[in-house]
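Accompanying notes for the structure given below.
Values in this text are rule-based calculations from the coordinates and carry no lab data. All of these numbers come straight from a predicted model, not from anything done at the bench. Here the Cβ is made from the backbone with ideal geometry for all residues, glycine too, and neighbour counts use every protein chain on show.
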Amino acid sequence: MKKIVVFLLSVMMVATLVTGCGKNDASKDETGNEQSEGADAKSDEGKSDEGKKTLTVTTWDNDTTPQFQATIDAFETAHPDVNVEVIDTSADEYNNKLTVMLAAESKDPDVIFVKDMGSLLSMASKKQLLGLDDYIAKDNVDLSVYSGAAEQLQVDGKSYSLPYRSDWYVLYYNKDLFDKAGVPYPSNDMTWAEYEELARKMTSGEGSEKVYGTHNHTWQALVTNWAIQDGKNTVVAKDYSFLKPYYEQAVRMQKDGIIQDYATLKTANIHYSSVFKNQQCAMMPMGTWFIPTMMQSQATGETNFNWGFATIPHPEGVKAGATVGALTPIAIGANTDVPDLAWEFVKFATSEENAKTLAKNGVLTGIQTEESLDIIASADNFPTECKDALKYTNYVFDRPLDENIDEIRTVLDEEHDLIMIGECTIDEGIKEIQERVAEIKGY
Amino acid sequence: MTSKQKRKVKNNLVGYSFVLPNLIGYSIFILLPVIFSFVLSVMEWDGSRNPMVFVGLDNFKHLLEDSTFRISFVNTIKYAVFTVPITVVAALLLAVLLNTKIKGISFFRTAFFFPYIASLVAVGAVWNMLFQPDYGPINNFLRFIGIANPPRWVVSTKWAMAAVIIVSIWKYMGYYMVVYLAALQGISPTLYEAASIDGANGWKKLRYITIPLLTPTTFFVMIMLTIQCFKVFDLIYVMTGGGPGRSTNVLVNFIYDSAFVKFKFGYASAAAVVLFAIVLVVTLIQFRGEKKFVKYM
């Protein structure tokens with residue numbers, strides 16, 4: 001008797017579970033496409049009491065740079081009936097958080113700023129992004145203004161995103177420190193050897209007074225990027241010996257105290273912006289995304305010194321002005337409840353009109369024209385005479401569009417760690433990179 | 001059906017209805033995901049709407065060839081082998097010391113329990129500063145007492161695991177100390193009195209009364225600690241992130257990385273199944289040992 005009751009009860013429990021799940025699944029499937037708009041119109045009204053439409057946008061480090069907020073403000077001004085809700089995450093955690101949000105297949109986020117090409121590729125292959133080709137065709141969007149960048153973002157010939165920002169590496173410097181030392185500012189045509197020489201000259205002081213000639217943040221990109229600057233190799237390779245001279249330079253500069261100790265930066269979790277802002281380094285190779293950060297910091301009075309930037313140094317035998325960079329694409333979540341509004345935002349954010357707004361804030365966009373450069377150069381707190389440093393002669397992507405790129409970057413990060421803290425020699429590190437990448441790629 | 005049987009059925013139904021709400025929660029949030037991850041371990045899936053593909057035991061085969069998995073496996077064992085015994089001994093000694101009636105005893109008990117309730121992220125960040133190789137207080141002290149080349153702790157492949165183990169012991173011994181304290185209250189004072197009359201000193205009382213009578217607690221503490229050690233993740237994530245290189249990468253780290261960085265959910269589940277198997281085997285061995293070493297009064 002008891003057994004039968006137990007059996008019946010368990011059947012009941014299982015039945016509740018199954019039907020419970022079943023219902024959820026069914027409703028999820030139905031809201032996939034057609035029903036979503038009806039259902040969402042309702043939820044939209046529910047979202048805000050003034051009857052405004054809500055658009056959710058994901059950003060990273062939104063409070064330290066105007067790169068996203070400027071667009072969001074401009075969009076809200078142009079569309080007074082829309083309220084843009086920002087989901088902000090720290091840059092380090094951004095991709096993880098996005099992964100979790102997208103895996104939940106919820107309606108939000110509607111608009112996604114994509115942090116790197118690797119995550120664009122993975123989100124597109126997981127069908128988490130809305131295809132934009134129909135919208136592009138419908139609104140006759142001219143992709144030629146991006147001078148090829150839009151095509152480079154395509155995955156299997158389909159557009160899932162448009163180029164929002166374009167960033168590349170430049171060499172920042174602290175003019176006050178150079179003036180004090182009586183050394184001429186870095187030029188737009190320096191080899192990496194000349195740069196090291198200059199950094200050596202600019203290193204001074206002891207203890208807490210010490211000023212480092214230059215600053216290498218803990219990213220492996222700040223060594224490996226210069227190795228791929230000539231365009232002959234990428235960070236996905238069979239033979240990594242091309243990294244060797246650049247690691248030799250980084251390790252030598254660290255040993256000689258021209259750059260801050262890697263282990264210290266890593267354990268104390270020191271952000272590069274604080275090092276430059278606190279005038280602890282005379283130079284710093286960093287991406288152009290740091291320009292608006294510095295402009296904002298000068299405007300708010302957080303910092304008060306003269307700064308500038310030059311084009312990034314180049315390897316021997318490579319033409320001056322060769323740089324390494326990356327695009328920041330903007331995309332739409334596949335499960336958005338307001339696809340048309342999201343497209344409106346994407347179109348707005350990547351328009352020539354908005355490029356000018358962003359230029360005023362020192363942000364470089366996917367659309368590069370002489371006009372936008374002029375706008376940037378005349379913006380408040382921009383070091384005007386550095387306008388020429390924004391021009392480049394050759395541009396290579398910092399990482400190739402490769403399906404294993406995130407895994408390979410983990411390998412590069414880990415071995416970079418070991419080389420820079422001196423736990424293995426450069427040769428051992430490079431050998432290890434080679435073996436582990438071969439394991440991933442099946443070479 | 002007799003009335004007796006009917007009453008029994010009714011009683012059972014009432015009982016089950018009490019259990020049901022919790023069981024539903026347990027099934028949805030724990031049991032089903034666990035079963036799902038077993039299923040996933042023989043599949044290939046990227047966590048999206050793309051279909052799962054059955055791959056048989058391929059995931060497990062790849063695990064054997066994966067150097068990162070091997071390293072994580074060894075690191076996890078290393079972490080457990082050092083953390084478990086040291087924490088048990090430290091917790092036991094603390095409990096014995098703090099089981100006396102002196103003034104301010106509750107202050108000391110709180111002080112040792114405090115690390116357990118402190119936020120792990122804060123703990124990790126502060127210990128990282130203490131372990132800083134060049135100007136951190138720990139190395140400054142070591143240099144002061146005459147060690148010319150103190151370990152470089154979290155930035156050294158040899159010492160990073162030791163640093164993590166030290167912090168783990170410091171953080172968790174307080175909790176197990178409380179468990180031991182509770183058990184110590186249960187030991188009858190008459191035993192100690194009798195031993196005193198027989199002329200036993202403090203050490204002998206500890207060796208022949210306290211430790212044997214605490215063995216059931218020690219058994220419990222060891223099982224809990226072992227399981228906890230095998231699933232360690234948070235502290236390592238905060239302190240070293242698995243570095244330098246892969247020197248503190250542990251299994252849960254590997255699982256997280258495979259699932260949420262590389263989007264290989266099948267592969268990650270296979271690693272989780274391996275972890276489950278290890279914990280199961282270790283726990284079974286401990287239960288075997290229970291008969292030999294646990295003494296009940």
Give, rounded to the nearest 20 debye, the magnitude of the charge dipole that the stretch B:66-293 has about its Cα centre when Lys and Arg contribute +1 at Cβ and Asp and Glu contribute -1 at Cβ. 220 debye
Using a 7 Å offset from the Cα along the Cα-to-Cβ direction at both B:Phe107 and A:Asp88, what is the distance between the two label points in nm, to one decimal? 4.4 nm
If contacts are Cα pairs under 8 angstrom and at least 6 residues apart, what is the relative contact order of the stretch A:76-198 in percent? 14 percent
Sites matching trypsin sites (Lys or Arg not before Pro) across the stretch A:196-238 that sit in DSSP coil, with at most 13 neighbouring C-beta atoms within 10 Å: A:Lys210, A:Lys232, A:Lys238
How high is the relative contact order of chain A, given as a whole-number percent (alpha carbon pairs under 8 Å, six or more residues apart)? 23 percent
Read phi for every residue in the stretch A:128-135 and hand back ³J(HN,Hα) as whole Hz from Karplus 6.51 cos²θ - 1.76 cosθ + 1.60, θ = phi - 60°, with x for Gly and Pro. 9, 10, 7, x, 9, 4, 4, 5
Apply the membrane-span-like helix rule to chain B: whole DSSP H runs, Cα extent along the own long axis of at least 30 Å, mean Kyte-Doolittle hydropathy at least 1.6. List the helices found. B:67-97
From the mean inverse distance of alpha carbon pairs (Kirkwood) and the Cα radius of gyration, derive Rg over Rh for the stretch B:156-289. 1.14
From the alpha carbon gyration tensor of chain B, can you work out the equivalent ellipsoid semi-axes (sqrt of 5 times each eigenvalue) and give them in Å, largest to smallest? 38, 35, 17
Using amide H atoms built 1.01 Å from N in the peptide plane, name the residues 5+ places from A:Leu55, or on other chains, whose amide H lies under 5 Å from its own. A:Asn83, A:Val84, A:Glu85
Which trypsin sites (Lys or Arg not before Pro) does the stretch B:62-130 hold that lie in a coil by DSSP with at most 10 other beta carbons within 10 Å? B:Lys101, B:Lys103
May I ask you to list the trypsin sites (Lys or Arg not before Pro) in the stretch A:323-416 that are in a DSSP loop and have at most 15 other Cβ atoms within 10 Å of their Cβ? A:Lys391
If you average over every viewing direction, what projected area does the convex hull of the Cα atoms of the stretch B:1-80 give, in nm²? 10.4 nm²
Could you give the nm distance between label points at A:Asn96 and B:Tyr26, where each point is 7 Å from its Cα heading toward the beta carbon? 3.1 nm
Please report, ordered by residue number, every helix of chain A (full DSSP H runs) that is 18 Å or longer along its axis going by C-alpha atoms and whose mean Kyte-Doolittle hydropathy reaches 0.5. A:2-30
Radius ratio Rg over Rh of the stretch B:19-134, counting only Cα atoms, Kirkwood formula for Rh: 1.14
Working from the alpha-carbon coordinates of the protein assembly as shown, get Rg over Rh, Rh being the Kirkwood radius. 1.02
For the stretch A:133-255, what relative contact order do you get, as a whole percent, if you take Cα pairs closer than 8 Å and at least 6 residues apart? 11 percent
Calculate for chain A the 222 nm mean residue ellipticity that helices alone would give, adding -39,500 (n - 2.57) per DSSP H run of length 4 or more and normalising by residue count, nearest 500 deg cm²/dmol. -13500 deg cm²/dmol
Spin-label model distance (nm) - A:Thr264 vs A:Ala104, 7 Å beyond Cα toward Cβ: 4.2 nm
